[in-house]
Amino acid sequence: MWPFKNNAKHMKKNVWLLAIGLIAVALAPSCKPKGAQSAITGDAASKVYVAPGTHDEFYNIVSGGFNGQMSVVGLPSGRVFKILPVFSVHPENGWGFSEETKPMLNTSHGFVPWDDLHHIAISMTNAEHDARWAFGNANNTPRIARVDLTSFKTVEIIEIPNSAGNHSSPFITQNTEYVVAGTRFSVPVGENSDVSIDSYKENFKGYISFIGVDPKTGDMDLSFQIEAPPFNFDLARAGKNKSHGWFFFSTYNTEMAHTLLEVNASQKDKDFIMAVNWKKAEEYVKAGKGKKVKAKYAHNKMNEETHTATSTIMEEVLVLDPTELKDIVYFIPCPKSPHGTDTDPSGEYIVGSGKLAAVIPVFSFTKMLAAIENKDFEGDVNGMPVLKYESVLHGEVEKPGLGPLHTEFDGKGFAYTSMFVSSEIVKWNIETLEVVDRVPTYYSVGHLMIPGGPTGKPHGKYMVAYNKITKDRYLPTGPELTQSAQLYDISGDKMQLLLDFPTIGEPHYAEAFPAALIKDKQVKFYPLEKNNHPYALKGVADARVERKGNEIHVYMTSIRSNFRPDNIEGVNVGDVVYFHVTNLEQDWDVPHGFSIKGANTAEILIMPGETSTYKWTPDRPGVFPFYCTDFCSALHQEMQGYLRVSPKGVNTPLKYSTGEAQ
């Protein structure tokens, strides 16, 4: 094992003192950065003003954290355009409630209606955003989602087996060859997973998953996994340009603790950045060196021709063992409890951000390759080499601030690192490592985002800080306050605060790209002639009601401003009623909604040319109105109907009205 000194007793005392200090800093009113009211200068408003009828310069796709969704935000205005449902049910449009979308939330554990989405990755070509797809991670029940950025719909979700706490994801290679995910929580896997928690070091394992992405369709496939030590994998970045073919993961809890981690996982002066040669791993996969392991996981896909999702349970995964395949994995020592790992636009520099470190170490990819070539090792982890810190180090950013977390780049030779404890963002020169500017954040910044910041071609104009604590920035709303985002101008030598704006959910990370990449490629409606849904209707003449045993199938059309049929009788208590609603509109921005009184579900929102199914089981007799829930025309209020429910056993004839004048 690696030869780092422990000094456990002294470290425990120091960690407790540090923890007390961090709490004091976070709570003390006197720690509010000075100049909060004067930070915004006179020309700031003009820099964020987007005139009525004009568009923002950038799309910003923002994670929702504990709401499980993404939000679509314009920059520089900060305006929210859409809440995009991904891992959580969404009553606003029926995501997870309609029969067509329910399979998207299926897992090996069954239907899971919620998750915790932390990170966004936008697809790339040649290390530049192409903005075909956005990927997001489910942290709680490990999954990766793919969103089509021409329709802004979640079209695919794949579950990740042998994983828990899917925090270290989704991170992508420079041509979107792979979306990569690491485990936050190592767990026992396989058939014998019922083991004592005290056997953590012996029986728990981490896994790194490489999910292949089809370059034309975007379809995902779990290509292979790499077994890893039972560390906690936090964040990661792919190498790019010079370092293309490598991946870098921050790790903490190299102590392999399983209780009171705030103390027991903070004993060592250094943890690791794990460097993975994924090109070499590919070679081993092609050579048949992997082992197929039984593992159940769901793969869910939306068919855009039928507007219907399917869920397939997969049974096995290919696993590589780096203790046997010696040249896949290497460890770079990194102080201390590293959170973010980031690579600069050239791919030469790898930045580690240790939450408890007093410096920011910057490593050289060129030096790393030389150290591997020269076997310049200082130990090993289960036979996997640990490189010497000094041999890989480009240098350290000294006295950057307290609590470094994440780093992004402006493409002009500068890096920007968020400092959680000292509530600031620090700008520093990548080559000289000199701090050249710092600005306060309000308060306790977590992630930061520069449009194109993780790519080989950043757009060094704006930066957004995503802050964890709001305090006095907005009107109070009870015990829970909105999360805070702040927009900075970084086009000059000095960073300038332009705008505060509230966010949706609890954003962690976001990625932004030029609006010009996709704004003219948007799906406006779905052509009816291409609607292959089994219950689709092509016109009002096809509207009807059919009984199949205790199932009632209502083949319904919606168009401004009526449903057909709109009067239905012959339904009994306990029947299962399926409303198959086709929106006949062939125009942009004319969705129709549907709901019925007393239904224990959500509305459905049907896009133009789409078919969606609403399931309802009446539990009492009566006449139940239904209506369009999305304002569609001057006669929107008239877009309604009635369904009569008779007691069970009463033989009321099945009949329906399709709009005959009375």
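I'm trying to understand the selection: among the residues of the stretch 368-399, which are in a strand (DSSP E or B) and among the hydrophobic types (A, V, I, L, M, F, W, C)? Show your work before the answer.
If we filter the stretch 368-399 for residues that are in a strand (DSSP E or B), which is where we start, we get 377-381, 384-387, 393-398.
Of everything in the stretch 368-399, those that are in a strand (DSSP E or B) and among the hydrophobic types (A, V, I, L, M, F, W, C) turn out to be PHE377, VAL381, MET384, VAL386, LEU387, LEU393, VAL397.
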Exercise for review: Starting from the stretch 628-655, keep only residues that are without any contact (Cβ under 8 Å) to a residue 12 or more places away in the chain and open to solvent by 60 Å² or more (accessible area, probe 1.4 Å), then list their pairs with residues that are in a helix (DSSP H, G or I) and among the β-branched types (Val, Ile, Thr) whose Cβ atoms are within a distance under 6 Å, requiring at least 6 positions of separation or different chains.
Suggested key: none
Point to revise | Pick from the stretch 175-198, criterion outside any strand (DSSP E or B) and open to solvent by less than 20 Å² (accessible area, probe 1.4 Å), ranking: modelled with the highest pLDDT | key: THR176
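Evaluate the following for VAL351: is it open to solvent by 20 Å² or more (accessible area, probe 1.4 Å), among the aliphatic types (A, V, I, L, M), at pLDDT 95 or above and under 28 Å from GLU262 (Cβ atoms)?
Working: open to solvent by 20 Å² or more (accessible area, probe 1.4 Å): no; among the aliphatic types (A, V, I, L, M): yes; at pLDDT 95 or above: yes; under 28 Å from GLU262 (Cβ atoms): yes.
So VAL351 does not fit the description; no.
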Exercise for review: Give, as residue ranges, the strands (runs of 3 or more DSSP E) completely inside the stretch 480-561 that count at least 2 residues that are more than 28 Å from the chain's Cα centre (by Cα).
Suggested key: 544-548, 551-559
Check your understanding: Name the residues in the stretch 143-163 that are among the polar types (S, T, N, Q) and part of a strand (DSSP E or B), would you?
Key -> THR154
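Give the number of residues within the stretch 141-158 that are touching a His at 6+ places or on another chain (Cβ under 7 Å) and within 15 Å of SER223 (Cα to Cα).
Of all residues in the stretch 141-158, those touching a His at 6+ places or on another chain (Cβ under 7 Å) come to 141, 158.
Narrowing further to those that are within 15 Å of SER223 (Cα to Cα): 158.
Residues in the stretch 141-158 being touching a His at 6+ places or on another chain (Cβ under 7 Å) and within 15 Å of SER223 (Cα to Cα): 1 in total.
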Check your understanding: Picking from ASN140, ASN166, which residue would you name as being assigned to a loop (DSSP other than H, G, I, E, B), farther than 18 Å from THR251 by Cα, in contact (Cβ under 8 Å) with a residue 24 or more places away in the chain and within 13 Å of the chain's Cα centre (by Cα)?
Key -> ASN140
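Scan the stretch 93-105 and give yes if some residue there is open to solvent by 40 Å² or more (accessible area, probe 1.4 Å) and assigned to a strand (DSSP E or B), otherwise no.
Filtering the stretch 93-105 down to residues open to solvent by 40 Å² or more (accessible area, probe 1.4 Å) leaves 93, 97, 99, 102.
Filter again for assigned to a strand (DSSP E or B), leaving none.
Among the residues of the stretch 93-105, not one is open to solvent by 40 Å² or more (accessible area, probe 1.4 Å) and assigned to a strand (DSSP E or B), which makes the answer no.
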Point to revise | Where SER311 falls short, out of the listed (1) part of a strand (DSSP E or B); (2) at pLDDT 95 or above; (3) crowded, with 19+ Cβ neighbours inside 10 Å; (4) of a type in the set (Gly, Ala, Ser) | key: (3)
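Could you list, in sequence order, all residues of the stretch 612-647 that are in a strand (DSSP E or B) and hydroxyl-bearing (Ser, Thr, Tyr)?
Going through the stretch 612-647, the residues in a strand (DSSP E or B) turn out to be 612-616, 622-627, 640-646.
Those that are in a strand (DSSP E or B) and hydroxyl-bearing (Ser, Thr, Tyr): SER612, THR613, TYR614, TYR627, TYR642, SER646.
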Review point. Filter the stretch 199-242 for residues that are among the small types (Gly, Ala, Ser) and assigned to a strand (DSSP E or B); which is nearest to GLU324 (Cα to Cα)?
Key: ALA228
Exercise for review: Give the residue that is nearest to LEU235 (Cα to Cα), with candidates limited to residues of the stretch 185-199 that are among the small types (Gly, Ala, Ser) and more than 30 Å from the chain's Cα centre (by Cα).
Suggested key: SER199
Practice item. Consider GLU408 carefully, then state whether it is open to solvent by 10 Å² or more (accessible area, probe 1.4 Å) and over 17 Å from PRO335 (Cβ atoms). Key: no
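The values are calculated or read from the model by the stated rules, or taken from the named source; none is laboratory data. Quick caveat, the model's predicted, so the values are computed rather than measured. Virtual Cβ from ideal backbone geometry, glycine too; neighbours counted across all protein chains shown. These accessible areas exclude ligands, DNA and RNA; they are computed on the full protein's heavy atoms, side chains included. Shrake-Rupley method; radii C 1.70, N 1.55, O 1.52, S 1.80 Å.
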